[in-house]
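The next block holds one structure in the form of structure tokens; read it before the comments.
The values are calculated or read from the model by the stated rules, or taken from the named source; none is laboratory data. Since the model is a prediction, treat every value here as computed from it, not as a measurement. Glycine also receives a Cβ, built like all others from the backbone with ideal geometry; neighbour counts cover every protein chain displayed.
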Amino acid sequence: MAVTEPLSNEPQKAFLNTVRAGEVRTGRVIGVEDREVLVELDGFPGPGSAVGCIPHGDLTRKAAGHPSEVVSIGQQLTFEVIGVDRRQERVWASTAACEDPALRAFLLGLRRGATHQGQVASVHNFGVFVNLDGEPDQCTGFIRLPELSWRSFDHPADVVTAGQRVAGEDGAGVGDDEFVDLDALGVDAEVERAAGLGAGWGRRAAGWGAADGT
């Protein structure tokens, strides 16, 4: 896989030291390859250029084949810095993280340890998708099977159903895929004592259970 161009002089290294994971930057597309897109970061005074890499999976939330279907040489992009490897002198970025401003604002407003509520959107054999209260017009929560309930079950549908209200604690933030990871096990026991039913959901947050006892 191609990598970012090396930042070989001191001005470039000094600039790289100002780049922080989580911040939003802009840049111009200078390379489109099978598995990544290379961008020239704005703000570097020169000489030369500071180059960032956007992996294929971080290019867009939409279905896409080759990166050339999404961007073109010379196109100006807005992206979130997802990593800075100062030893290898590489900047990793995600345009997908900035694709939907409303979604980004919602996810950034979530805080680890806070309790949220939502409604089960769909139940699958691999996990449960949940619409968080206040989210934009798309699903943002997911429950992994190990975090669904303390009780044994054959299928998630034995624990929760579509439309059911759930509540839980955000314990791990937002995943690379922009889903909130939640774990119901921390509140499951309390829910079962109160209503005879436990539920949870996960994917980079933690601690959810049935909210209304239905």
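Assorted remarks:
- Taken as a whole, the structure places residue 79 among residues that are at pLDDT 90 or above and either within 18 Å of the chain's Cα centre (by Cα) or on the phi < 0 side of the Ramachandran plot (or both).
- Close pairs from the range 28-40: first of a type in the set (Gly, Ala, Ser), partner assigned to a strand (DSSP E or B), Cβ under 7 Å, at least 6 apart: 31/37; 31/38
Per-residue answers, yes or no, for (1) modelled with pLDDT under 90; (2) loosely packed, with under 12 Cβ neighbours inside 10 Å; (3) basic (Lys, Arg); (4) in a strand (DSSP E or B):
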{"site": "3", "(1), (2), (3), (4)": "yes, no, no, no"}
{"site": "11", "(1), (2), (3), (4)": "yes, no, no, no"}
{"site": "19", "(1), (2), (3), (4)": "no, no, no, no"}
{"site": "22", "(1), (2), (3), (4)": "yes, yes, no, no"}
{"site": "29", "(1), (2), (3), (4)": "no, no, no, yes"}
{"site": "34", "(1), (2), (3), (4)": "no, yes, no, no"}
{"site": "39", "(1), (2), (3), (4)": "no, no, no, yes"}
{"site": "44", "(1), (2), (3), (4)": "yes, no, no, no"}
{"site": "47", "(1), (2), (3), (4)": "yes, yes, no, no"}
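- Exactly one residue among 199, 205, 121 is within 22 Å of residue 82 (Cα to Cα), of a type in the set (Gly, Ala, Ser) and either at pLDDT below 75 or surrounded by fewer than 18 Cβ atoms within 10 Å (Cβ to Cβ) (or both), and that residue is 205.
- Options 128, 91, 120: the member that is touching a Pro at 6+ places or on another chain (Cβ under 7 Å), in contact (Cβ under 8 Å) with a residue 12 or more places away in the chain and not in a helix (DSSP H, G or I): 128
- Members of the range 96-117 found to be farther than 29 Å from residue 77 by Cα and not in a strand (DSSP E or B), listed by number: 112, 113, 114
- Put simply, of 157, 105 the only residue that is of a type outside the set (D, E, K, R) and modelled with pLDDT of 90 or more is 157.
- Tally of residues being without any contact (Cβ under 8 Å) to a residue 40 or more places away in the chain and in contact with a strand residue (DSSP E or B) (Cβ under 9 Å, 6 or more places away or on another chain) across the range 58-72: 5
- Condition broken by residue 127, with the remaining ones in (1) surrounded by 16 or more Cβ atoms within 10 Å (Cβ to Cβ); (2) among the small types (Gly, Ala, Ser); (3) farther than 18 Å from residue 180 by Cα satisfied: (3)
- Applying the criterion of being touching a residue at least 60 places away in the same chain (Cβ under 8 Å) and hydrophobic (A, V, I, L, M, F, W, C) to the residues of the range 132-162, the residue that is farthest from residue 107 (Cα to Cα) is 143.
- Count of the range 71-88 residues which are under 19 Å from residue 30 (Cα atoms), of a type in the set (S, T, N, Q) and in a loop (DSSP other than H, G, I, E, B): 2
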